Number of protein chains: 2
Amino acid sequence: MAISKQEKVYNELCKQLKIAATYSSTQKLLEWDQETYMPEKGIELKIEQSKLLLELSHKLKTNTRLKTLLSSLIDFASGAILVEGFSEAQKANIREMKRDYEHHSKIPGSFIKKFSQTTTESLEAWKVAKKSDSFKTFAPHLKKIVSLLQKKAEYLGYKETPYDALIDEYEPGMTSKKYDQIFSPLKQKTLQLLKRWDEQNKKIDPKILEGDFPIEKQKMLCKEVIKDMGLANTTYNLSETHHPFCLGLYPNDIRLTTHFYKEAFMRGFGGVIHEAGHALYENGLPLATWGTPLSEPASYAVHESQSRIWETFIGHSYPFWKLYYTKVKQLFPGVFQDASIDDVYRAVNQIKRGLIRIHADEVTYNLHIILRYEIEKGLLEGTYDVKDLPDIWNQKMRETLGIVPKTNSEGCLQDIHWSLGFMGYFPSYTLGNIFAGQLYVSLMKTHTDWDKKIKEGDFLFIRDFLREKVHRFGRQYLPIELIERASGIPFSIDPYTSYLEGKYS
Amino acid sequence: MAISKQEKVYNELCKQLKIAATYSSTQKLLEWDQETYMPEKGIELKIEQSKLLLELSHKLKTNTRLKTLLSSLIDFASGAILVEGFSEAQKANIREMKRDYEHHSKIPGSFIKKFSQTTTESLEAWKVAKKSDSFKTFAPHLKKIVSLLQKKAEYLGYKETPYDALIDEYEPGMTSKKYDQIFSPLKQKTLQLLKRWDEQNKKIDPKILEGDFPIEKQKMLCKEVIKDMGLANTTYNLSETHHPFCLGLYPNDIRLTTHFYKEAFMRGFGGVIHEAGHALYENGLPLATWGTPLSEPASYAVHESQSRIWETFIGHSYPFWKLYYTKVKQLFPGVFQDASIDDVYRAVNQIKRGLIRIHADEVTYNLHIILRYEIEKGLLEGTYDVKDLPDIWNQKMRETLGIVPKTNSEGCLQDIHWSLGFMGYFPSYTLGNIFAGQLYVSLMKTHTDWDKKIKEGDFLFIRDFLREKVHRFGRQYLPIELIERASGIPFSIDPYTSYLEGKYS
């Protein structure tokens, strides 16, 4: 059968986007290298390399030839699809290509370069600032970033608040107003529950998880859980960084990192389960359409739902600890002292009013997120000033978690995100938890023997459920639609809050 | 003072070349990553990334705009420099820019892409072949590479043999005939000396260097010697690979690798001294002119002279072991058993008829090189066939070193070079030793208290001598002229052979 003219155009588009993605993946390798093995002074070259690569991929993504090609497949004004005989997935791909084209062409190349240079420098400043607890080292950089992000919001356009323009980059279709509607009841609910749980917590001894854990052995434990989760060791690298992350260069080349703590194996281990959840999503995206929206994650919240379902819903579950209680004991003789599985399970799930987001339990975690959400909204709308950040932070900590950090390193300097220019990203974490709640309920219904399987070390049904229901679709559906289809449950915070209430009561 | 038109043209050239170098340095990072941390399946993406980057830098280096700019500074037909008021260094830079332009524009972009893909695949095949001792796994790849290199030689042009075209890429000005004139007496001399030394060797117990050396401690020892040599830890990364190497992405970002052997610390340690010698050269190239020939190493032999002067002339010297005997003992209690410094010094310098080039002593090393030189010449000229390689290899080993490998992994599959398409490179190793001989004699004359300084841990005078005499000139002089100027000695193998005779008699 002869290939139609429209198919030719579509193939040409995919080819161009694949080239742009090849540049972007190289750019990601540069980022990974900066965080892992680059010597300190390598930053000078890195800035130049990043600028060039970003420029190249931006040029490709905003090339007018792309618009010409796309225009014969989709009407730019109405969004009506003009093709015949294309699959639903291909049509969605065209719709998302148009969305990307419009997004990218709103932002001038000169801005991209400036933003890249600013954030590369600011990342280095943040590292120094955090290490030396010096907010004033980071403040001028953050000020620049806020001002650049405000400019970006103007380029992108928005209806109600500049923050919406940024949110939409991470969560297509979401707005600050929608987040308010979700976060407000969630915050209330969490604060209520937290008070109730404070009493119970006194009975838990978190010391049973502490000890002396050689890093090499911690690495072995992490590689074992990654294997159990079903990520092939030919497709990932695990390195150590200050801040754990996962970067998918390509479905078969995923860079995971974690931070090991000699005295607390759960931090590195939990971090790896989280990042490996992200990695499985990247790994499950279809190879055949790589470079196009069909092989891209649906959103940051959907991504986070994949890491959180593994990290907390599975990795903190009772059957998981039935299995890993023994595995951990074999690797670290003397660990857990005389504590039973039940004690360990309770310690792993302890709810604690803590300072650090990445070490937070699954209940207080959302309070950390909502605090950041409120702050970045204020910064972008101009109601908060960068110079007041430490005070605002500490006041909000007092109001919600009832504790105040002694240093800014444990306060407003703790996260890497703002130094990289990520604002609008944090709320996706909590939305991801809510998505995970929906997926979890559906997974449990589909696999009623789930706890038996996990206890026996069979995790592949989870990986395959998520691949089948979420990963393989890429950006074919908008986030909320994707999760509704995957879980069969209309969007709601209820499955998530019910799960929390059920687990901790 | 107003900037002249010619200066503007010169600056524009430097700017363009800096962009090309930024792409090349990114390409180098990809290579480094492939050898260090890339997961196995990452190779699929890596091939695409490499092809794109090579294409970009090749396009820039062969851009006709470059020729237009250059033509106003240098006459392309005669090579006469047309500029006024330029420094000698700048004039040399223009001469070398022309040389590069002519070189690059002879090779079609399509060839570069094909060559890149072939070698990326062949590298992976070589790894498998070496691991499984399967020459037939590698043979078809090597055949393709030889045929591509023959084609490359035709593109580049040559007078007497296609091998000359490849040699010239590594050693500007060298030819196969010139190498024959150097290698023939060196081979004779070495074989004579070797017979004489066989007797002495029986008295040495190499077992005193063996033991159980934890990798983490070996790394510490390596970092200590790198520090002693004067390479700042903000400018390099040391990782582990199968085959040690040094890649300078930029004077301040140098990637060193080594291979640690648990039972023999000298291999990893000696390897690191060697690679750090290369690294110091990269680190000593001028930053201000980065991207242009003035900031590029003069040749592969000059590069090798820098690694070998550190590895063998210094790193195997008596005063060095006066210092490191104690350092090694402190780190590895019980090492060397009851052996004295003299015993250790003799064991480190033992001459041995061995199979593996990278583990060879400084005397037999050149026999390994000359063997490879003869073979690649034969392959390129068509007098040898790839399928006969194992036989040819083994016969030559028997004739020179008097031993024959039991496996091809220890024979013709041992080196990475051919799998990467490097032919014409090996002879630079021995030329580098000869250069190092000249530099060493001059260094000793300049610093008559050299042995006292080394014993006391002061190595910086060596680094600074090499920086001052060699590194800072980049490609301002052709290799032999550079070494003659640096050492004050006309080119000759005598300083090198005298050093060997003196040391081992």
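To put it simply, the accessible area of chain B at a 1.4 Å probe is 51 percent carbon and sulfur.
The DSSP beta bridges internal to the protein assembly as shown are antiparallel in roughly 50% of cases. Sequence-ordered 3J(HN,Hα) estimates for the range A:350-359 from the Karplus curve with 6.51, -1.76 and 1.60 and θ = phi - 60° stand at 4, 8, 9, 7, x, 8, 9, 4, 5, 9 Hz, glycine and proline given as x.
Put simply, the protein assembly as shown fits an ellipsoid with semi-axes of 54, 35, 28 Å; these come from the alpha carbon gyration tensor as the roots of five times its eigenvalues, largest first.
Restricting the range B:157-190 to trypsin sites (Lys or Arg not before Pro) that sit in a DSSP loop and have at most 14 other Cβ atoms within 10 Å of their own Cβ leaves B:LYS159.
With the simple spin-label model, which puts each label point 7 Å out from Cα in the Cβ direction, the A:HIS243 to B:LYS114 separation comes to 4.7 nm.
Computed from the C-beta positions of A:LYS387 and A:THR36 and an R0 of 25 Å, the FRET efficiency is 0.15 to the nearest 0.05. Computed per residue of the protein assembly as shown from DSSP H runs no shorter than four, each worth -39500 (n - 2.57), the mean residue ellipticity at 222 nm is -20500 deg cm²/dmol. Each part reduced to its alpha carbon centroid, the range A:55-114 and the range A:136-151 end up 30 Å apart.
Checking the Cα-Cα distances for B:LYS136/B:LYS387; A:LYS113/B:LYS59; B:LYS262/B:LYS406; B:LYS227/B:LYS453 against a 18 Å cut-off, the pairs over it are A:LYS113/B:LYS59; B:LYS262/B:LYS406. In terms of overall dimensions, the C-alpha atoms belonging to the range B:241-384 reach 51, 46, 26 Å along their principal axes, ordered largest to smallest. Buried accessible surface for the B/A pair, both sides summed and rounded to the nearest 100, is 2900 Å² with a 1.4 Å probe. Taking every alpha-carbon pair under 8 Å whose residues sit at least 6 apart, chain B reaches a relative contact order of 19 percent.
Farthest toward the positive end of the dipole of the range A:385-467, out of A:PHE459, A:SER428, A:MET397, is the Cα of A:PHE459, where the dipole comes from beta carbon charges about the Cα centre.
Full extension of the chain segment joining A:LYS143 with A:ILE215 gains 22.1 nm, where the gain is 0.36 nm per residue of separation less the Cα-Cα distance.
In this structure the amide hydrogen of B:SER239, modeled in the peptide plane, comes within under 5 Å of the amide hydrogens of B:LEU256, B:THR257, B:THR258, none closer than 5 places in sequence on its chain. The trypsin sites (Lys or Arg not before Pro) of the range A:352-420 that meet both conditions, a loop assignment by DSSP and at most 15 other Cβ atoms within 10 Å of the site Cβ, are A:LYS406. Of the GluC sites (Glu not before Pro) in the range A:177-284, the ones in a loop by DSSP (not H, G, I, E or B) with at most 12 other beta carbons within 10 Å are A:GLU263.
Relative contact order of the range B:192-284, taken over Cα pairs closer than 8 Å and 6 or more residues apart, is 30 percent.
Near the amide H of B:VAL83, within less than 5 Å, lie no amide hydrogens of residues on another chain or at least 5 residues away, with H placed in the peptide plane. Over the range B:404-505, all Cα pairs binned in 10 Å intervals from 0 give whole-percent P(r) values of 13, 33, 30, 19, 5, listed from short to long.
The values are calculated or read from the model by the stated rules, or taken from the named source; none is laboratory data. All values derive from a computational prediction rather than experimental measurement. Cβ sites come from the backbone with ideal geometry, for glycine too, and all protein chains shown count toward neighbours. Ligands, DNA and RNA are stripped out before the accessible areas are found, and what is left, the full protein with its side chains, is counted by its heavy atoms. Shrake-Rupley method; radii C 1.70, N 1.55, O 1.52, S 1.80 Å.
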